[in-house]
Amino acid sequence: MTKRIILFAVILVISLSAMAQGINGRVISYQGEAVRDANVVLQHSDSSFVDVAVTDEAGRFVFGVNLDAFRLVVHHLAYHSVQLKSCKANVGDIVLEPSDVVLGDLVISSERPLVKV
């Protein structure tokens, strides 16, 4: 009898820990380096907002929710945005391609004051 209770408790703990993990993955560059501070937006499959996360130093993100089907949108200034549809809790590595955004020239101008006191 006690063996059944212990077995039931072990199975319960394992199943609860597996369900609590949520949706997770890693964002990397095309060179395999972790992309830090990328915004990862979690949406339902119909594009309605659920949650947002920011990648850490290792490029990892975690959402504390479980969805059957979902969409991830990854944004970063130095890379092209990526949209991904999935139904797996662990989406694995999301690879970003570099963006060719070129900022214009910066011109600083100043004038002398008209009146000195």
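The values are calculated or read from the model by the stated rules, or taken from the named source; none is laboratory data. Everything numeric here is computed off the predicted structure, so don't read it as measured data. Positions of Cβ are generated from backbone atoms using ideal geometry, with glycine treated the same way; all protein chains shown enter the neighbour counts. To get the accessible areas, we keep the full protein, side chains included, count just its heavy atoms, and leave off ligands, DNA and RNA. Shrake-Rupley method; radii C 1.70, N 1.55, O 1.52, S 1.80 Å.
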Just to be sure I understand the filter: pairs with C-beta atoms under 6 Å, separated by 6 or more residues or on different chains, first member in the stretch 32-53 and without any contact (Cβ under 8 Å) to a residue 40 or more places away in the chain, second member acidic (Asp, Glu) and assigned to a strand (DSSP E or B). Which pairs pass? LEU42/ASP51
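Here's the yes/no breakdown for (1) of a type outside the set (A, V, I, L, M, F, W, C); (2) under 13 Å from the mean Cα position of the chain (by Cα); (3) at pLDDT 95 or above; (4) in a strand (DSSP E or B):
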{"position": "SER47", "(1), (2), (3), (4)": "yes, no, no, no"}
{"position": "VAL50", "(1), (2), (3), (4)": "no, yes, no, yes"}
{"position": "VAL65", "(1), (2), (3), (4)": "no, no, no, no"}
{"position": "ASP68", "(1), (2), (3), (4)": "yes, no, no, no"}
{"position": "VAL73", "(1), (2), (3), (4)": "no, yes, yes, yes"}
{"position": "ASP100", "(1), (2), (3), (4)": "yes, no, no, no"}
{"position": "VAL107", "(1), (2), (3), (4)": "no, no, no, no"}
{"position": "ARG112", "(1), (2), (3), (4)": "yes, no, no, no"}
So which of ASP93, ASP56 is assigned to a strand (DSSP E or B) and acidic (Asp, Glu)? ASP93
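Taking the stretch 56-66, which residues are open to solvent by less than 40 Å² (accessible area, probe 1.4 Å) and within 12 Å of GLN43 (Cα to Cα)? Give the derivation first.
In the first step, residues of the stretch 56-66 are kept if they are open to solvent by less than 40 Å² (accessible area, probe 1.4 Å); the result is 59, 61, 63.
Listed by number, the list holds a single entry, PHE63.
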Here the residues within the stretch 1-43 that are modelled with pLDDT of 90 or more, part of a loop (DSSP other than H, G, I, E, B) and either more than 15 Å from GLN83 (Cα to Cα) or open to solvent by 100 Å² or more (accessible area, probe 1.4 Å) (or both) are TYR30, GLN31, GLY32, GLU33, VAL35, ARG36, ASP37
I need every pair where a residue in the stretch 88-100 that is under 15 Å from GLN43 (Cα atoms) has its Cβ under 6 Å from the Cβ of a residue that is not charged (D, E, K, R), sequence separation at least 6 or different chains. ALA89/ILE23; VAL91/GLY25
Hits in the stretch 67-76 (condition: surrounded by 19 or more Cβ atoms within 10 Å (Cβ to Cβ) and farther than 20 Å from SER99 by Cα): PHE70
